[in-house]
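This report concerns only the one structure given below.
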Amino acid sequence: MQHTLKTATSTIEGVGLHTGATVALRILPAVPDTGIRFVRTDLRVVDSYVPAIYDAVDTSASRLCTMLRNATGVTVQTPEHLMAALAGCGIDNALIEINGPEVPLMDGSSKLFAEAILQAGRKIQPGSRAAIRILKPVQVVDGDKKAEFIPTERPLLEIDFSIEFPGLGSQRRQFVLDEPETFTSEIAPARTFTLRSIAEAMKARGAVKGGSLENALVLNDEDGTPYQGQFMNGWQDEPVRHKILDAVGDLALAGMPIYGRLVTERGGHALTNTLLRALFDRPDAFSIVRDIAGIPISGVEKRLAGAEAH
Ligand SMILES: [Zn+2]
């Protein structure tokens, strides 16, 4: 079954991390099989719709953030935390009205987006829901960074993420995306983090115009402790939880849920997008399965297999 929102969310307004622009957005219901689409309400152009799909990711711009670009060059920057909230809350179809070039960072997490979505409410829609089922391992490596899809029994997305940063050391966490409540309690509130030296260097060259101590967790380089006035959100492993949040958002750009296990070591947005592209280059490594309301996917597959045998 597919899901959209019951009604439009209230307006969410904030500052974009990279552009520093103040932007307002609203998430609206959409018909089945729409997927997630943005519409730039500030532009008077022929095609102001930007699909949130992996092959609309501008890879030349996506080292530090994700940029979506439509065929006519209209862009939406930094969609990942909003995409994570939509995927984490199980929303398949939505239209996002946005009046600027970048999704606002809010507190650096998915919390406010997820709250707005759940407040608007979820609605079941007619029609089966397509999903990507991983059938064979697919791996990408970039220096000491690695990301891999592995098949799983359960029709769910599982994530196993490891990070290593000087000072902070290594953190590893596993997460299973099942109910919206699991996402909102374990992952959605984890904020963007950065080392103080990186934040200062980026500020010095005019990047991250909208970055501040209100929308990111800044950590001291020496020992990974929070910079003055900052605190972990009650979790010592808030950084790796945020990396899982990013991965949920990046994988949502597949255009449908992924049933399989993502294992990532030291990865990030660019590597996750590379892995998605590698997966779609390997038609033998996945299949598109259709979910029918109330019937687990394995049951659907058994019935399909049975139907073929006759
Ligand atoms: Zn992030």
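The values are calculated or read from the model by the stated rules, or taken from the named source; none is laboratory data. None of the values given here were measured: they were computed from a predicted structure. Positions of Cβ are backbone-derived with ideal geometry, glycine not excepted, and every protein chain shown enters the neighbour counts.
Miscellaneous remarks
- Every test in (1) exposed (fewer than 15 other Cβ atoms within 10 Å of the Cβ); (2) among the small types (Gly, Ala, Ser); (3) out of contact with any strand residue (DSSP E or B) (no Cβ under 9 Å at 6 or more places or on another chain) is passed by Ala188 save one, and that test is (1).
- Evaluated against (1) surrounded by fewer than 24 Cβ atoms within 10 Å (Cβ to Cβ); (2) of a type outside the set (Val, Ile, Thr); (3) at pLDDT 95 or above; (4) in contact with a strand residue (DSSP E or B) (Cβ under 7 Å, 6 or more places away or on another chain), Ala61 falls short on exactly one condition, (3).
- The set of residues in the stretch 268-286 being assigned to a helix (DSSP H, G or I), more than 16 Å from the ligand (Cβ to nearest atom) and either crowded, with 21+ Cβ neighbours inside 10 Å or β-branched (Val, Ile, Thr) (or both) consists of Thr274, Leu275, Leu276, Leu279.
- From the list Leu68, Leu17, the lone residue that is part of a loop (DSSP other than H, G, I, E, B), at pLDDT below 95 and in contact with a Ser or Thr (Cβ under 7 Å, 6 or more places away or on another chain) is Leu17.
- Members of the stretch 98-109 that are in contact with a Phe, Trp or Tyr (Cβ under 8 Å, 6 or more places away or on another chain) and at pLDDT 95 or above: Ile98
- Of the residues contained in the stretch 247-267, none is found to be surrounded by fewer than 16 Cβ atoms within 10 Å (Cβ to Cβ) and either at pLDDT below 80 or in a loop (DSSP other than H, G, I, E, B) (or both).
- Qualifying residue in the stretch 104-114 (condition: over 19 Å from the mean Cα position of the chain (by Cα) and touching a residue at least 60 places away in the same chain (Cβ under 8 Å)): no
- Residue match in the stretch 117-131 (condition: more than 25 Å from Ala278 (Cα to Cα) and within 18 Å of the chain's Cα centre (by Cα)): yes
- Hits in the stretch 72-111 (condition: farther than 20 Å from Pro180 by Cβ, away from the ligand (no atom under 16 Å from the Cβ) and not in a loop (DSSP other than H, G, I, E, B)): Thr75, Glu97, Ile98
- Condition check for Val263 on (1) more than 11 Å from the chain's Cα centre (by Cα); (2) under 28 Å from Asn93 (Cβ atoms): one failure, at (2).
- Ala188 satisfies every condition listed in (1) more than 13 Å from the ligand (Cβ to nearest atom); (2) closer than 28 Å to Lys146 by Cβ except (1).
- Residue-level analysis places Lys243 among those that are closer than 30 Å to Gly121 by Cβ, in contact (Cβ under 8 Å) with a residue 40 or more places away in the chain and out of contact with any helix residue (DSSP H, G or I) (no Cβ under 8 Å at 6 or more places or on another chain).
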